[in-house]
Each structure stands twice: as C-alpha cells, then as structure tokens.
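Worksheet: the structure to be examined is printed underneath.
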Amino acid sequence: MTRPASTSQLPAAVAEFLQGRRIAVAGVSRDPKQTANVVFRKLRDSGYEVVAVNP
C-alpha cells in the first residue's frame, strides 16, 4: 500500500487497508469503554481476525 497523495485519496487507502482480514489493534485493555476496545469489538463482529495489542 502506498501513502495517498492527498486526502481525496484517503477513502481508497482505507478501503485497501480493510481488504485484509487480519488487523491488530493497539491499546486494547480490560476496560470495555476504551476506544481501542470498541474498535476491536466492531472489527471482530464484522468478521475480521483481530489481534489485541496492549503495549
């Protein structure tokens, strides 16, 4: 994947990124209200293989 030249290309870059079915989410914790946890669950519930990363 190459970096988009402008923000007008950003949706295409996001779509290309999401074509992969395995994604790591950094910052996942035990607190279900944290943003990273919400992202983790939404991706998982959408069929992605999600890896939780808690640095």
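What follows is calculated from the coordinates using simple rules that are stated; it is not laboratory data. Values in this document were obtained by computation on a predicted structure and should not be read as measured data. No Cβ is skipped: glycine too gets one built from the backbone with ideal geometry, and neighbour counts run over all protein chains shown.
Here is how the numbers come out for the structure above:
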quantity	calculated
Where a residue in region 31-49 is farther than 18 Å from Phe17 by Cα and its partner, wherever it lies, is outside any helix (DSSP H, G or I) and among the aliphatic types (A, V, I, L, M), with Cβ under 7 Å and at least six apart	Asn37/Val28
Residue list for region 16-36, filter: over 11 Å from the mean Cα position of the chain (by Cα) and part of a helix (DSSP H, G or I)	Glu16, Thr35
